[in-house]
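Here's the structure, in structure tokens; my notes come after.
Just so it is clear, none of the values below were taken in a lab; they were calculated from the coordinates. Not measured: the values here are computed from a predicted model. Glycine gets a Cβ as well: all are built from the backbone with ideal geometry, and neighbour counts include every protein chain shown.
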Amino acid sequence: MMRQAGRFLPEFMELRGKYDFFTRCQTPELASEITVQPVRRFGMDAAILFSDILVIPQAMNIEVQMKPNFGPYLPTPIRDQAGVDRVTMPDVDDALSYVMEAIKLTKEKLEDEIPLIGFAGSPWTLLCYIVQGQGSKTFDKARQFCFTQPEAAHQLLQKITDITIAYLKAKVAAGVDAVQIFDSWGGMLGPDDYQEFSWQYNNQIIEALSAHAPVIIFGKGCWFALPEMAKSNASAIGVDWTCRPQTARKLTGGNITLQGNLDPTRLYSSPTKIKKLVREMIDAFGKDKYIVNLGHGILPDIPLDNAKAFFDAVKEYGS
Ligand code: 1CP
């Protein structure tokens with residue numbers, strides 16, 4: 001169910017009430033427990049590690065806070081060359097050892113029954129937060145930075161890319177079975193700018209990781225990049241809900257695995273309607289080379305029965 005899979009679960013909310021966000025990320029026992037919570041309840045076919053894309057900027061010496069009812073907040077955003085120069089390049093095994101410990105513990109808890117997915121934000125999506133300083137509907141400051149100081153922007157993107165490659169390789173070495181790259185704000189860029197400021201860096205990560213583990217690339221709002229993604233060494237492509245399954249198949253040549261793409265707010269519909277929509281979605285993608293998923297992250301107030309209808313519909317499909 002994409003990111004924040006556990007957010008709507010009462011057992012998650014209990015731990016959320018006791019420990020702040022980064023304590024949950026940095027304590028392997030808590031992170032692994034949150035990872036397996038939705039799996040225990042619903043029996044999915046894969047688990048995604050509880051963590052966040054913003055642990056990377058944090059490891060690069062950029063302060064990141066997670067404010068309740070607000071989201072990520074970075075009090076000293078980077079907006080010039082001097083800021084880019086101040087970014088440090090950490091040893092991931094050292095700075096992010098807590099993630100590797102959480103992976104090992106989660107693998108033990110999963111007892112090899114289902115695969116574990118590790119993830120990272122795309123360099124562009126991380127730049128969005130690092131420059132804007134918080135979530136945004138437009139990420140105008142991030143785009144302004146790229147378009148007025150392209151050299152500094154490219155240096156920052158390359159630094160994030162290099163760390164992300166080391167980080168994902170370390171995650172694979174620690175035990176994850178596949179990695180997913182979240183380009184959540186790819187759709188903020190037009191097709192040519194996407195190529196320059198996002199895709200070339202995503203592709204470096206895919207190239208570097210594909211020999212080590214299957215790579216899933218998810219871009220939100222950038223269906224125009226699907227043909228490019230299909231030509232890369234990625235093993236699967238995540239699709240958001242604004243693209244018809246048939247269109248996604250056409251743009252990707254029909255041979256690569258696709259993942260997606262129910263509108264997350266469709267889980268507010270009745271369980272009967274959700275089941276119908278899921279069946280239609282599987283019919284449209286075709287059941288081969290296909291991973292059922294939402295088109296973006298689940299919302300925290302989705303009723304449990306509605307989430308359950310989503311999973312049940314998948315398991316009941318064709319029977
Ligand atoms: O499902 C899971 O729990 C898996 C772990 C996971 C993942 C894969 C979390 C936990 N975050 C993410 C990825 C992530 N984080 C993305 C990429 C995917 C996507 O677009 O959904 C992004 C953009 C973030 C940044 C982030 N972290 C936001 C979004 C803010 C915005 O600009 O819209 C938020 C709200 C967070 C906090 C967060 N991360 C994860 C959880 C469970 C939460 C909720 C807060 C909490 O638990 O206190």
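Among what's in segment 54-64 and is part of a helix (DSSP H, G or I) and touching a residue at least 60 places away in the same chain (Cβ under 8 Å), pick the residue that is farthest from the ligand (Cβ to nearest atom). Going through the qualifying residues, I end up with ALA59.
Annotation note: of LEU116, LEU110, the sole residue that is within 15 Å of the ligand (Cβ to nearest atom) and touching an Asp or Glu at 6+ places or on another chain (Cβ under 6 Å) is LEU116. Kindly provide the set of residues from segment 65-75 that are within 12 Å of the ligand (Cβ to nearest atom) and in contact (Cβ under 8 Å) with a residue 40 or more places away in the chain, ordered by number. Passing the criteria: MET66, PHE70, GLY71, PRO72, TYR73, LEU74.
Restricting segment 80-103 to residues that are of a type outside the set (Asp, Glu), away from the ligand (no atom under 16 Å from the Cβ) and out of contact with any helix residue (DSSP H, G or I) (no Cβ under 6 Å at 6 or more places or on another chain), the residue that is farthest from ALA46 (Cα to Cα) is ALA82.
Checking each residue in segment 92-124 for being surrounded by fewer than 20 Cβ atoms within 10 Å (Cβ to Cβ), in contact (Cβ under 8 Å) with a residue 60 or more places away in the chain and outside any helix (DSSP H, G or I) picks out ILE114, PRO115, ILE117.
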